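Okay, structure first, notes after.
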Amino acid sequence: MAEVVIVRDAEEGGALAASLIASLVRRKPEAVLGLATGSTPLTTWRSLAGAGLDLSRVSGFALDEYLGLPDGHPESYQAVVVREIVEVLGLDPARVRVPGDDGGPLEEAGVRYEAAIREAGGIDLQVLGIGRTAHIGFNEPGSSLASRTRIKTLAEQTRLDNARFFDSVDEVPRHCLTQGLGTILDARHAVLLAWGEAKAEAVAAALEGPVTASVPGSALQLHPEVTAIVDEAAASRLANAAYYRFAWEHRDAVGG
């Protein structure tokens with residue numbers, strides 16, 4: 001079972017996630033982070049930026065990247081990672097990778113990205129959001145639980161949800177490169193973040209429903225170390241919410 005922490009809001013949740021990352025970096029200054037983009041982790045990056053840590057030796061691997069955007073597009077995840085993570089945290093840009101950023105043949109981009117992660121020693125802590133289709137990364141329903149980094153087609157719901165970052169939904173790409181569910185499960189620690197009632201159904205299905213390719217986020221139930229940080233609204237459909245609160249409140253008790 002994942003460790004589920006129910007917080008008041010995104011600010012509290014982001015601060016908690018940042019504290020997990022900060023603790024890792026203090027133990028391991030050359031830690032390897034899995035980087036999620038979008039609005040959900042923004043409070044985490046802001047809180048981590050205020051922790052006073054030297055993050056210049058930290059490496060990062062983004063979860064995914066759109067395909068088909070022109071070079072330099074502000075909503076490419078390469079641009080977003082630089083703007084919202086690298087510059088905010090003071091990371092070394094040379095240590096941060098995005099799928100397909102090496103300029104090699106697209107058909108083999110996933111294999112090269114997997115190799116780069118292995119060469120870095122694997123991902124120590126993977127930050128994740130979850131979509132309304134319960135996707136993590138861009139692993140849409142039907143994705144193999146053992147999948148690796150590859151090209152995927154985005155669901156229409158995902159494109160509609162991401163249209164707010166573009167002038168219209170017509171500008172949202174239909175394809176992407178994404179780390180696979182198997183890739184994500186290889187991370188030593190996965191930290192799932194979710195805010196708002198719109199994510200409640202996906203959160204409940206991922207954390208408490210059956211493990212199935214129809215709910216990609218449910219693959220996290222197979223991971224030995226998952227921390228799910230969700231606000232009250234995103235937790236509203238969790239059947240075991242009372243237990244999660246009790247367990248968190250008594251986490252320091254002997255034998256707890």
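The values are calculated or read from the model by the stated rules, or taken from the named source; none is laboratory data. Note that this is a predicted model, so its numbers are computed, not measured. No Cβ is skipped: glycine too gets one built from the backbone with ideal geometry, and neighbour counts run over all protein chains shown. When the accessible area is computed, the model is the full protein with side chains, heavy atoms only, and any ligands, DNA or RNA have been set aside. Shrake-Rupley method; radii C 1.70, N 1.55, O 1.52, S 1.80 Å.
Going through Ala198, Ala235, Ala202 one at a time, which residue ends up being open to solvent by less than 30 Å² (accessible area, probe 1.4 Å), of a type outside the set (Ser, Thr, Tyr) and not in a loop (DSSP other than H, G, I, E, B)?
None of the other options fit; the residue is Ala202.
Quick one: in segment 141-187, of everything that is among the small types (Gly, Ala, Ser) and in a helix (DSSP H, G or I), which residue is modelled with the lowest pLDDT?
Taking the candidates together, the pick is Ala163.
Based on what the data block shows, is Gly34 open to solvent by less than 50 Å² (accessible area, probe 1.4 Å), part of a strand (DSSP E or B) and at negative phi?
Considered against the rule, which asks whether it is open to solvent by less than 50 Å² (accessible area, probe 1.4 Å), part of a strand (DSSP E or B) and at negative phi, Gly34 comes out as yes.
Residues that are among the charged types (D, E, K, R), open to solvent by 10 Å² or more (accessible area, probe 1.4 Å), part of a loop (DSSP other than H, G, I, E, B) and in contact with a strand residue (DSSP E or B) (Cβ under 9 Å, 6 or more places away or on another chain): does segment 97-112 have at least one?
Looking through segment 97-112, at least one residue is among the charged types (D, E, K, R), open to solvent by 10 Å² or more (accessible area, probe 1.4 Å), part of a loop (DSSP other than H, G, I, E, B) and in contact with a strand residue (DSSP E or B) (Cβ under 9 Å, 6 or more places away or on another chain).
I'm told Trp45 meets every condition in (1) more than 20 Å from Gly137 (Cβ to Cβ); (2) open to solvent by less than 20 Å² (accessible area, probe 1.4 Å); (3) assigned to a helix (DSSP H, G or I) except one. Can you identify the failing condition by its number?
(1)
Looking at segment 71-87, can you tell me whether even one residue there is in contact with a strand residue (DSSP E or B) (Cβ under 7 Å, 6 or more places away or on another chain) and open to solvent by 40 Å² or more (accessible area, probe 1.4 Å)?
There is at least one residue in segment 71-87 that is in contact with a strand residue (DSSP E or B) (Cβ under 7 Å, 6 or more places away or on another chain) and open to solvent by 40 Å² or more (accessible area, probe 1.4 Å).
Which ones in segment 203-239 are without any contact (Cβ under 8 Å) to a residue 60 or more places away in the chain, closer than 26 Å to Thr43 by Cα and of a type in the set (S, T, N, Q)?
Passing the criteria: only Ser236.
Output the residue which, of all residues in segment 205-232 that are outside any loop (DSSP other than H, G, I, E, B) and of a type in the set (S, T, N, Q), is nearest to Phe138 (Cα to Cα).
Once the filter is applied, the top-ranked residue is Ser218.
Of the residues Pro74, Pro93, which single one is free of Cβ contacts under 8 Å to residues at least 60 places away in the same chain, in contact with a helix residue (DSSP H, G or I) (Cβ under 7 Å, 6 or more places away or on another chain) and more than 15 Å from Leu125 (Cα to Cα)?
Answer to the selection: Pro93.
Within segment 125-140, is even one residue surrounded by fewer than 17 Cβ atoms within 10 Å (Cβ to Cβ) and part of a loop (DSSP other than H, G, I, E, B)?
yes
Can we say Thr149 is surrounded by 24 or more Cβ atoms within 10 Å (Cβ to Cβ) and β-branched (Val, Ile, Thr)?
Considered against the rule, which asks whether it is surrounded by 24 or more Cβ atoms within 10 Å (Cβ to Cβ) and β-branched (Val, Ile, Thr), Thr149 comes out as yes.
Taking interchain pairs and intrachain pairs at least six residues apart, which have beta carbon atoms under 9 angstrom, with the first residue in segment 1-12 and closer than 23 Å to Ala219 by Cα and open to solvent by 60 Å² or more (accessible area, probe 1.4 Å) and the second at pLDDT below 95 and part of a loop (DSSP other than H, G, I, E, B)?
Glu3/Arg251
Mind listing whichever residues of segment 54-96 are over 24 Å from Ser168 (Cα atoms), in a strand (DSSP E or B) and not hydrophobic (A, V, I, L, M, F, W, C)?
Ser59, Gly60
For segment 60-70, give me each residue that is under 22 Å from Ala163 (Cβ atoms) and either hydrophobic (A, V, I, L, M, F, W, C) or surrounded by 19 or more Cβ atoms within 10 Å (Cβ to Cβ) (or both).
Ala62, Leu63, Asp64, Glu65, Tyr66, Leu67, Leu69
Report yes if Arg112 is modelled with pLDDT under 95 and not β-branched (Val, Ile, Thr), otherwise no.
no
Taking the condition in contact with a Leu (Cβ under 6 Å, 6 or more places away or on another chain), within 18 Å of Leu220 (Cβ to Cβ), at pLDDT 95 or above and of a type in the set (A, V, I, L, M), does Ala49 pass?
no
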